[in-house]
Amino acid sequence: MPNSVSKSMPSAASIRQIWLVIEAALSFVGAGIAGTLWWKDRVHQDMPCTGDGGCGIVAASRWSHVDLIVFHDVPAALLGLLGYLALLTLAMLRLGAESDIWDRRMHRVVWLLAAGGAAYSWYLQWVAHFKIGAFCIWCRSSAIVMTLVLLTATWEWWVSRRRVQRLETQRGLERHG
C-alpha cells in the first residue's frame, strides 16, 4: 500500500518544473505589462487607466525616467521590461538545466533580480502615492507580479533547502543506525 501512495506523489523534479513554469508565466505577464508601459511612453500615447487618470500623471512625472551611468532619461518601464525578460530567460534556461550547480547559480540570479525589481517597484509605488499623489494600475500590477516572482523564487529555495536538510538527516541516520 505505501508504494501506491509514493507512486502517486509527484517527484521533486516535477515540482521544481512546476515552480519554474510559474516563474516563467509570471515573468511573461510582467514583460507584457512593462512592455505596454514602455511602448506607450515611446509613442507618447496615454494608457487606459482608472477614472482619475493617475497613469498619465505618473507617466509624466520625473520618476518615470532614470539616469543610469552613461544612459540618460531611460524609461523605468524599459528597465522593468528588461528585468522581466531576463527572469523569463533564466526560467527557461533552468527548465533545461542538466546541472544542479548551474541551476542553483541561476536561481541566485533570479532571486537577486526579483528582489531588486520588487524593491524598486515598491519604491516607485511609494513615490506615486506620497510624492506624486496618483495611482497607476499598470505600475501597481507590475509591482505585484514582480513580488510574486520573488515569492515563488523564495518558496522554491525554502522547499529545496528543506529537501536537502531531510536528505542530510537521512544520511546521518543511515551512517549511525
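The values are calculated or read from the model by the stated rules, or taken from the named source; none is laboratory data. From a predicted model like this one, the values you see are computed outputs, not experimental measurements. Positions of Cβ are backbone-derived with ideal geometry, glycine not excepted, and every protein chain shown enters the neighbour counts.
Figures for the structure shown
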| read-out | value |
| --- | --- |
| Count of residues meeting criterion [over 12 Å from Ser27 (Cα atoms), in a helix (DSSP H, G or I) and not small (Gly, Ala, Ser)] in the stretch 128-161 | 16 |
| Total residues in the stretch 94-104, condition assigned to a helix (DSSP H, G or I), under 17 Å from Ile18 (Cβ atoms) and aliphatic (A, V, I, L, M) | 1 |
| Residue match in the stretch 95-103 (condition: more than 15 Å from the chain's Cα centre (by Cα) and either of a type in the set (Phe, Trp, Tyr) or under 15 Å from Trp38 (Cβ atoms) (or both)) | yes |
| Selected residue (criterion: surrounded by the most Cβ atoms within 10 Å (Cβ to Cβ)) from residues of the stretch 75-131 that are among the β-branched types (Val, Ile, Thr) and modelled with pLDDT of 95 or more | Val110 |
| Count of residues meeting criterion [within 15 Å of Arg140 (Cβ to Cβ), surrounded by 14 or more Cβ atoms within 10 Å (Cβ to Cβ) and not β-branched (Val, Ile, Thr)] in the stretch 33-52 | 4 |
| Criterion violated by His107 - all others in (1) in a loop (DSSP other than H, G, I, E, B); (2) under 24 Å from the mean Cα position of the chain (by Cα) satisfied | (1) |
| Set His65, His107: member being over 16 Å from Gly35 (Cβ atoms) and touching a strand residue (DSSP E or B) at 6+ places or on another chain (Cβ under 6 Å) | His65 |
| Residue check for Ile144: among the β-branched types (Val, Ile, Thr), without any contact (Cβ under 8 Å) to a residue 24 or more places away in the chain, farther than 19 Å from Trp38 by Cα and out of contact with any Gly (no Cβ under 9 Å at 6 or more places or on another chain) | no |
| Flag for Val5 being at pLDDT below 95 and not aromatic (Phe, Trp, Tyr) | yes |
| One residue from Leu88, Leu112, Leu93 being out of contact with any Leu (no Cβ under 6 Å at 6 or more places or on another chain) and either polar (S, T, N, Q) or under 30 Å from Pro48 (Cβ atoms) (or both) | Leu88 |
| Any pair with Cβ under 6 angstrom, 6 or more apart, that starts in the stretch 118-132 at a residue that is over 11 Å from Ala143 (Cα atoms) and ends at one that is outside any helix (DSSP H, G or I) and not hydroxyl-bearing (Ser, Thr, Tyr) | Ala128/Ala134 |
